[in-house]
1. Using a Förster radius of 25 Å, what is the FRET efficiency between LYS143 and SER172 based on their Cβ-Cβ separation? Nearest 0.05, please.
2. Throw me the Rg/Rh for the chain, computed over C-alpha atoms with Kirkwood Rh, two decimals.
3. Which values, in whole Å and largest first, are the semi-axes of the equivalent ellipsoid of the range 100-181 obtained as the square root of 5 times each eigenvalue of the Cα gyration tensor?
4. Could you give the spread of the C-alpha atoms of the range 147-208 along their three principal axes, from largest to smallest, in whole angstroms?
5. Given a 1.4 angstrom probe, I'd like the percentage of the accessible area of the chain that is carbon and sulfur, rounded to a whole number.
6. Could you do me a favour and compute the accessible area per residue for the chain, 1.4 Å probe, result in Å²?
7. Explain nothing, just compute: Karplus ³J(HN,Hα) = 6.51 cos²θ - 1.76 cosθ + 1.60, θ = phi - 60°, for every residue of the range 161-173 in order, whole Hz, x for Gly and Pro.
8. For n ≥ 4 DSSP H runs only, could you compute -39500 (n - 2.57) per run for the chain, divide by its residues and tell me the 222 nm figure to the nearest 500?
Amino acid sequence: MDKIIITINRQFGSGGGEIADLLGEKLGLKVYSRELLECIAKQFDMTVEHMEEVKGQRVNWWSDFCRFYQQFGAAGHKVSTQPDATPLSLYYAEERLLREIAAKENCIILGRAGFHIFRDNPAARHIFIRSNREARIARIAEKHGLSAAEAEKLMDKVDKGRDNFVMNVCKSSRYDLRNYDFMLNVSNIDSTSVATFLADNIRRRMAE
């Protein structure tokens, strides 16, 4: 397979994670998601859960940038012994790690603003997975053993955090169609069919 980087962004509860895993199996690519979080969390001496909370904060970009600048300097090299976790510093840590991974191997990146990090990379294909609200609530409730009301509350919280993170670091809505090669509503489509469709189209584009 030629050089390929696939980024997948998704609404919480849409099944995007399952689709990423199936697509990885069909294309023979490793999917990077949770292990990235764990690696970055260790750098900042924090839990993955706390890190996700920090990333989801709506912040003043200039204040966050100034804190990052003081820590890492203009060239992005760490100055302080222990980095201060802000949405921007976490994003830059993830960006460095993702670029290192993509330079070494073909891969699928789930979340992590991958569509923005690799926006100018000709080898990258960007995908957004969405689903209708009712289907997402039902999926979250079943997966996490929650009531419909609890699932809806969790869904809105996670989506808001992801929305804030992308807006903080990309200055763009994650729902902007211009960010993606494919944007799919999978409300009434099984994950295997979606993964097969994407794999076929990605192979075709790579052959062009």
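The values are calculated or read from the model by the stated rules, or taken from the named source; none is laboratory data. Just so we're clear, the structure is a prediction, and the values are computed from it rather than from any experiment. Cβ coordinates were reconstructed from backbone atoms using ideal geometry, including for glycine residues, and neighbour counts include every protein chain displayed. For the accessible areas, the whole protein counts, side chains as well, though only heavy atoms, and no ligand, DNA or RNA atoms are used. Shrake-Rupley method; radii C 1.70, N 1.55, O 1.52, S 1.80 Å.
1. After rounding, the FRET efficiency stands at 0.30.
2. 0.97
3. 28, 15, 12
4. Cα spread of the range 147-208 along its principal axes, largest to smallest: 43, 33, 12 Å.
5. 50 percent
6. Solvent-accessible surface per residue comes out at 52 Å².
7. Couplings: x, 5, 4, 4, 4, 5, 5, 4, 9, 10, 6, 8, 6 Hz.
8. -17500 deg cm²/dmol
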